[in-house]
Amino acid sequence: MSKKSEKAEKKLDAKKLAKELLIPRESGFRQTSEKELGKAAAFAEDYKAFLDGSKTEREAVKTSIALAEKKGFVPFDPEKKYRAGDKVYVNNRGKALILAVIGENGCKNGVRIAAAHIDSPRLDLKPHPLYEQNELALFKSHYYGGIKKYQWTALPLAMHGYLVKKDGEKVEIHVGEEAGDPVFCVTDLLPHLSADQMSKTLAKAIEGENLNILVGSRPLDSDEGDNLVKLNVMRLLNEKYGITEEDFVSADVEFVPAFKASDVGFDRSMIGAYGHDDRVCAYPAVMAVLNAKAPKETCLAVLADREEVGSDGNTGLNSEFMRYFIADLAQAEGMEPRHVLSRSKCLSADVNAAFDPTYASAYEAANSCFLNGGVCVTKYTGARGKSGTSEASAEFMGEVRGLLEKNDVLWQTGELGKVDGGGGGTVAMYIANLNVDVVDVGVPVLSMHAPFELVSKLDLYMTYKAFLAFFENK
Ligand code: MN
Ligand code: MN
């Protein structure tokens, strides 16, 4: 045999080898069938309707309960014995929710949790919000969560208010969502007069105390008295809702972008909306627990509040509300709650930062998630040297990866931006601290925390498929 032909025989098929050994780096669209893409498009329509009806945590709880009750879910009774297939929910103060399906094995092998959050960055009202200055009436706001303040000026805002009067009567105020409603807005300075403002950093250009919401400009028709514009606004609120200025002290009033969710792009492949973080994971988690067929292990979709401010508070996951529910399930089956927790598994369902070519230097491209790459499995979040996060074990990552492959779920992995670029956390660590196996799994988002965030329809649907596969564990 000549030297030449020996070499030819050894020549390897690079294409074939790459397919066997390397991660496919082509668009998710090329890895997904037309039939699946059709299902993704249909799922996105229902999600947009959910989003438009769920702009606050209270509304997300209400909408989710309505969907669950249609599927036979009933309020959980800790005194009752439950059997496989029973469907229950726990409404925690109207701001957080657990939906559960009792599994064939109950909770003896632990429970399966998909935990998302339903609070989003926004402008809350201060307890004494209403004031008048130079014949304009404004509301003082206190922002909630991590916002870039300049993004919240000159933007139509809707009011979603929940007020409780001294006698306990509850008053809901929704203004700015229906066609023909007035909207509200934080003003910004014209460029012509912004020499000082424009020389400041982005963080300083709009101060927290300047996020004042314009709500009126017409004075009360009276010949005497001061602050007649403020008084006129209060008179209108009193006529329509029966409230007085003091009722704002006992209230949760949130101002959110007034627009609805819409398709983005000529190809309609994306959805733009307020509050994808994290309703884009909450909705798939709800739909997965509603649609899970005969799960072996008891399954929980947990919708938490307070994640955007660190998960503290009795509706956040750094509190005991989920642990108490699992303890109730365990004790009803004669088990120690800690044994159930130690055998439990959780997908911490939260968004990750999708690679943005316009801000490429904030990411490390090889370890970022991409729009249309499928659901993102994130081993750890955190900041600097992996602080402020739990980290999924190699074992649990392996298990989840295997499950997704087996169920034809398009998935990818990614870190939250480049090392030392900043960072962030999720509810994962609070659940991991209960001795549960946890990994972050969710949808890649562009413009995260902006009033108008972007996701891909394909990634949304694949996240639903991931949660369903996790619950059904087939
Ligand atoms: Mn989030
Ligand atoms: Mn967030």
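The values are calculated or read from the model by the stated rules, or taken from the named source; none is laboratory data. Just so we're clear, the structure is a prediction, and the values are computed from it rather than from any experiment. Because the Cβ atoms are built from the backbone with ideal geometry, glycine has one as well, and the counts that use them run over all protein chains shown. Side chains are part of the model used for accessible areas, which takes the heavy atoms of the whole protein and leaves out ligands, DNA and RNA. Shrake-Rupley method; radii C 1.70, N 1.55, O 1.52, S 1.80 Å.
Residue check: Ala203 meets all listed conditions (1) at pLDDT 95 or above; (2) within 28 Å of His128 (Cα to Cα); (3) part of a helix (DSSP H, G or I) but one, namely (1). Arg268 meets all of the listed conditions (1) touching a helix residue (DSSP H, G or I) at 6+ places or on another chain (Cβ under 6 Å); (2) surrounded by fewer than 23 Cβ atoms within 10 Å (Cβ to Cβ); (3) outside any helix (DSSP H, G or I) but one, namely (1).
A single member of Gly106, Gly94, Gly85, Gly72 is at pLDDT 95 or above, more than 30 Å from Thr187 (Cβ to Cβ), surrounded by 21 or more Cβ atoms within 10 Å (Cβ to Cβ) and in the same structural domain as Leu303 (by TED's automatic domain parsing), and it is Gly106.
Screening segment 116-130 for residues that are away from ligand 1 (no atom under 16 Å from the Cβ), in contact with a strand residue (DSSP E or B) (Cβ under 6 Å, 6 or more places away or on another chain) and not hydrophobic (A, V, I, L, M, F, W, C) and picking the one that is least open to solvent (accessible area, probe 1.4 Å) gives Pro129. Pick out the one residue from Val419, Val436 that is open to solvent by 30 Å² or more (accessible area, probe 1.4 Å) and more than 24 Å from Glu36 (Cα to Cα). The match here is Val419.
Check segment 343-357 and report whether any residue there is free of Cβ contacts under 8 Å to residues at least 40 places away in the same chain and either buried (at least 20 other Cβ atoms within 10 Å of the Cβ) or farther than 15 Å from Val438 by Cβ (or both). For segment 343-357, residues free of Cβ contacts under 8 Å to residues at least 40 places away in the same chain and either buried (at least 20 other Cβ atoms within 10 Å of the Cβ) or farther than 15 Å from Val438 by Cβ (or both): present.
Applying a threshold of 6 Å to beta carbon distances and a minimum spacing of six or more residues, or different chains, the list of pairs starting in segment 281-295 at a residue that is closer than 11 Å to Lys87 by Cα and ending at one that is away from ligand 2 (no atom under 16 Å from the Cβ) and part of a loop (DSSP other than H, G, I, E, B) reads Leu290/Lys71. Note on segment 427-474: residues that are at positive phi and either in the same structural domain as Lys148 (by TED's automatic domain parsing) or more than 16 Å from the chain's Cα centre (by Cα) (or both) amount to 2.
Checked across segment 391-406, the condition of being assigned by TED's automatic domain parsing to the domain that holds Val340, surrounded by fewer than 19 Cβ atoms within 10 Å (Cβ to Cβ), within 16 Å of ligand 1 (Cβ to nearest atom) and more than 17 Å from the chain's Cα centre (by Cα) holds for no residue. Looking at Thr381, Thr358, just one residue is within 15 Å of ligand 2 (Cβ to nearest atom) and assigned by TED's automatic domain parsing to the domain that holds Gly106, and that residue is Thr381.
So, in segment 273-312, exactly how many residues are more than 18 Å from Ser456 (Cα to Cα), within 16 Å of ligand 2 (Cβ to nearest atom) and open to solvent by 10 Å² or more (accessible area, probe 1.4 Å)?
Here is the first cut: in segment 273-312, the residues more than 18 Å from Ser456 (Cα to Cα) are 286, 288-312.
Filter once more, keeping what is within 16 Å of ligand 2 (Cβ to nearest atom): 303-312.
Checking which are open to solvent by 10 Å² or more (accessible area, probe 1.4 Å) leaves us with 306-310, 312.
Number of matching residues: 6.
Being free of Cβ contacts under 8 Å to residues at least 60 places away in the same chain, of a type in the set (Gly, Ala, Ser) and open to solvent by less than 90 Å² (accessible area, probe 1.4 Å) is the filter here, so list the residues in segment 183-241 that pass it. Those that are free of Cβ contacts under 8 Å to residues at least 60 places away in the same chain, of a type in the set (Gly, Ala, Ser) and open to solvent by less than 90 Å² (accessible area, probe 1.4 Å): Ser194, Ala195, Ala203, Ala205, Ser222, Gly225. Selection of segment 451-474 for residues being open to solvent by less than 10 Å² (accessible area, probe 1.4 Å) and either within 14 Å of ligand 1 (Cβ to nearest atom) or among the polar types (S, T, N, Q) (or both) yields Glu453, Val455, Ser456, Thr463. When the residues of segment 245-277 are narrowed to those that are of a type in the set (Val, Ile, Thr) and within 17 Å of Leu446 (Cα to Cα), which ends up farthest from ligand 1 (Cβ to nearest atom)? The extreme case among them is Val264. Take the conditions (1) assigned by TED's automatic domain parsing to the domain that holds Tyr430; (2) without any contact (Cβ under 8 Å) to a residue 60 or more places away in the chain; Ala154 misses just one of them, which is (1).
Summed over segment 81-140, residues that are of a type in the set (Lys, Arg), touching a residue at least 24 places away in the same chain (Cβ under 8 Å), under 25 Å from Gly442 (Cβ atoms) and not in a loop (DSSP other than H, G, I, E, B) total 2. Within segment 358-381, being free of Cβ contacts under 8 Å to residues at least 24 places away in the same chain and open to solvent by less than 20 Å² (accessible area, probe 1.4 Å) holds for no residue. In this structure, Lys140 does not qualify as out of contact with any Asp or Glu (no Cβ under 9 Å at 6 or more places or on another chain) and open to solvent by 30 Å² or more (accessible area, probe 1.4 Å). Among the residues of segment 143-162, those that are open to solvent by 10 Å² or more (accessible area, probe 1.4 Å), within 16 Å of ligand 2 (Cβ to nearest atom) and not charged (D, E, K, R) comprise Tyr143, Tyr144, Gly145, Gly146, Ile147, Gln151. Applying the set (1) closer than 22 Å to Val111 by Cα; (2) part of a helix (DSSP H, G or I); (3) within 16 Å of ligand 1 (Cβ to nearest atom) to Ala288 leaves exactly one unmet item: (3).
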